[in-house]
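The values are calculated or read from the model by the stated rules, or taken from the named source; none is laboratory data. None of the values given here were measured: they were computed from a predicted structure. Note that we place each Cβ from the backbone using ideal geometry, even for glycine, and neighbour counts take in every protein chain shown. Note: areas computed on protein heavy atoms with side chains; ligands, DNA, RNA excluded. Shrake-Rupley method; radii C 1.70, N 1.55, O 1.52, S 1.80 Å.
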Amino acid sequence: MTEKLRINVGCGPYKIRGFVNIDAMSYCDPDVIATAEHLPYESGTVDTLYAGHLIEHFYLADTAEILHEWKRVLRVGGECIITFPDFEKTLELFDMKAIDWQEVNAIVYGKEKLEGAGEAGHHRQLATKWSIGPMMQAVFGNFEEMEECDYWPARVYWQTTLRSVKQ
């Protein structure tokens, strides 16, 4: 039996054991240096593609193209799992006075300034279930929200995880 190929795209300093950790930047010492838009895998070879807190670093207009690339590398039955800071959840928490404007600003623009990430560390879109989900639906033909995700270590109240399966 062959070992499943699981990749963590845009890993930054957050590497996942049992995954090939991929990033475009060498500062985080990934297993593979590659961009999310051009993955170095043949079509239909990846079992699981995880992208934690990556999609918000791309412009909304480029998201569908990136999702198509991710679908290309997945095998039939393979899953694409995306975790991102959810702008809608963030605003709901602000409205309930559970977080202050400083926290909203940090979530929207990025909480951390990762040493060596440069401009790649900036967020370029306000992602929500209702902006990313329909694009996943259009590309994969399905999507669902996941309550828990084993791959992303932080269980934070303002993030969303969506999953699509390649048909």
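Every residue, every condition in (1) over 15 Å from ARG163 (Cα atoms); (2) in contact with a Cys (Cβ under 6 Å, 6 or more places away or on another chain), yes or no:
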position: LEU49; (1), (2): no, yes
position: ILE55; (1), (2): no, no
position: VAL73; (1), (2): yes, no
position: GLU79; (1), (2): no, no
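Could you count how many residues in region 142-167 are modelled with pLDDT under 90 and touching a Phe, Trp or Tyr at 6+ places or on another chain (Cβ under 6 Å)?
The total comes to 1.
So VAL76 clears everything in (1) farther than 14 Å from ILE7 by Cα; (2) β-branched (Val, Ile, Thr); (3) free of Cβ contacts under 8 Å to residues at least 12 places away in the same chain except one condition, right? Which one?
For VAL76, the exception is condition (3).
For ASP62, indicate whether it is farther than 27 Å from GLN137 by Cβ, open to solvent by 50 Å² or more (accessible area, probe 1.4 Å) and either out of contact with any Ser or Thr (no Cβ under 9 Å at 6 or more places or on another chain) or in contact (Cβ under 8 Å) with a residue 12 or more places away in the chain (or both).
Working: farther than 27 Å from GLN137 by Cβ: no; open to solvent by 50 Å² or more (accessible area, probe 1.4 Å): yes; either out of contact with any Ser or Thr (no Cβ under 9 Å at 6 or more places or on another chain) or in contact (Cβ under 8 Å) with a residue 12 or more places away in the chain (or both): yes.
It is false that ASP62 is farther than 27 Å from GLN137 by Cβ, open to solvent by 50 Å² or more (accessible area, probe 1.4 Å) and either out of contact with any Ser or Thr (no Cβ under 9 Å at 6 or more places or on another chain) or in contact (Cβ under 8 Å) with a residue 12 or more places away in the chain (or both).
Tell me yes or no: at least one residue of region 96-108 is buried (at least 18 other Cβ atoms within 10 Å of the Cβ) and small (Gly, Ala, Ser).
Checking region 96-108: not a single residue is buried (at least 18 other Cβ atoms within 10 Å of the Cβ) and small (Gly, Ala, Ser).
Looking at (1) modelled with pLDDT of 95 or more; (2) under 18 Å from PHE143 (Cα atoms), can you tell me which one GLY52 breaks?
Unmet condition: (1).
Pairs, please: C-beta under 9 Å, at least 6 apart or cross-chain, first residue part of a strand (DSSP E or B) and in region 133-145, second basic (Lys, Arg)?
Listed by first residue and then by second, the contacts come to GLU144/ARG163; GLU145/LYS129; GLU145/ARG163.
Looking at the structure I just gave you, is THR35 under 26 Å from ASN142 (Cα atoms), surrounded by 15 or more Cβ atoms within 10 Å (Cβ to Cβ) and free of Cβ contacts under 8 Å to residues at least 12 places away in the same chain?
When the stated conditions are applied, THR35 passes them.
When you check LEU74 against the structure, is it more than 25 Å from TRP158 (Cα to Cα), open to solvent by less than 10 Å² (accessible area, probe 1.4 Å) and touching a Gly at 6+ places or on another chain (Cβ under 9 Å), yes or no? Explain how you work it out, then say what you get.
Working: more than 25 Å from TRP158 (Cα to Cα): yes; open to solvent by less than 10 Å² (accessible area, probe 1.4 Å): yes; touching a Gly at 6+ places or on another chain (Cβ under 9 Å): yes.
So LEU74 fits the description; yes.
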